Amino acid sequence: MFFLDSSNPAEIKELFSWGVLAGVTTNPLILARDAGCVDLERRIREVLAASAGPVSVELTSEDEAAMLDEARAYHAWAPERICVKVPFSDVGLKVTHALAKRGVRTNVTCVMSFNQAYLAALAGGAYVSIFSGRIRDMGYAATPVIERTRARLERERLGAEIIVGSIRHLMDVNEALDAGAHIVTVPPAILRKMLHNPKTEETIREFNAAWEKRAK
Ligand code: E4P
């Protein structure tokens, strides 16, 4: 399954019209770079209107009480669709656990190791976001982290689903899916790259040219 890693409503609307996307992820860096994001609530409401499925919005506070207040505010924007993205830490685990007890879905994010992923799932995260590109930046392979996490989730029947993010190349998508990601959250440019194959384009041109030139 694919989510879109973007906060641009026009792009989200266009790419959702392909019928291949099931949710949206945002993060503070994506939103900070989004020139159209002046007011967070307004932008997220635009994203909700342009998409379907869960929309992840990340907490930026660092102490537990402030994180819970922030989570309450985000959740109220669309209780059925907002997924509160909780940065991984001990406080993040407490917040994840508290929100799970209240029935608020969370996406535990910035996960770089199997141990972190397992803790996030045990704490009650609905999603665990493993960061493929950033793991590779450290010189490690992301695939074993995804494989071990998926195996552990299955073995203990934990409810969490793996989202693989921090996608830099098409091969990251394919490797994540093969390794057991439930979902890959793809940047718009990577999703568009999946369209292209010169042989497909050549074949379609050949077929249409033949049809045009047929004896009438
Ligand atoms: C998605 O949930 C993540 O926040 C995102 O994919 C991170 O991507 P980056 O590592 O390119 O910033």
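Where a number appears in this text, it was derived from the coordinates with a stated rule and is not lab data. On a predicted model such as this, the values are computed, not experimentally measured, just so you know. Ideal geometry is used to build each Cβ from the backbone, glycine not excepted, and the neighbour counts take in all protein chains shown.
Summary of computed values
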| quantity | calculated |
| --- | --- |
| Cα-only radius of gyration and Dmax that characterise segment 67-115, units Å | 10.7, 32 |
| Antiparallel DSSP beta bridges within the chain, as percent of all bridges there, nearest 5 | 0 |
| Reference-scaled alpha-carbon Rg (2.2 N^0.38 Å with N residues) for segment 28-83 | 1.12 |
| Net lengthening on full extension, ASP137/ALA76 (0.36 nm per residue, minus Cα-Cα) | 18.3 nm |
| Dipole of the chain, positive direction: furthest Cα of TYR118, VAL145, ASN208, with charges on the beta-carbon | ASN208 |
| Nonlocal amide H pairs with VAL24, under 5 Å, H built at 1.01 Å | LEU4, VAL55, SER56 |
| Full-stretch length increase - LYS13, ASN115 - with 0.36 nm per residue and alpha-carbon distance subtracted | 33.1 nm |
| Nearest-0.05 FRET efficiency for ASN208 and LEU177, computed from C-beta distance (R0 30 Å) | 0.40 |
| Table column - 3J(HN,Hα) (Hz), segment 108-121, Karplus curve with 6.51, -1.76, 1.60, x for Gly and Pro | 7, 10, 6, 7, 10, 9, 4, 4, 5, 4, 5, 4, 4, 5 |
| GluC sites (Glu not before Pro) restricted to segment 88-185 and DSSP loop, no more than 14 other C-beta within 10 Å | GLU156 |
| DSSP-defined beta bridges in segment 40-114 - what % are antiparallel, rounded to 5 | 0 |
| Estimated [θ] at 222 nm from DSSP helical runs (n ≥ 4, -39500 (n - 2.57)) normalised by residues in the chain, nearest 500 | -15000 deg cm²/dmol |
| Ascending count of other beta-carbon atoms within 10 Å, so fewest first, for HIS196, HIS182, HIS169, HIS75 | HIS196, HIS169, HIS182, HIS75 |
| Zero-based 5 Å bins, Cα pair distances in segment 109-153, whole percents | 5, 27, 35, 21, 9, 2 |
| Rh (Kirkwood; distinct C-alpha pairs) - segment 52-198, Å | 15.5 |
| Segment 1-113: C-alpha pair distances exceeding 20 Å, % | 38 |
| Extended-chain gain in nm, criterion 0.36 nm per residue less alpha-carbon gap, LYS216 and SER61 | 48.8 nm |
| Residue of ASP39, ASP90, ASP69 that the Gaussian network model of the chain assigns the largest fluctuation, springs spanning Cα pairs under 10 Å | ASP39 |
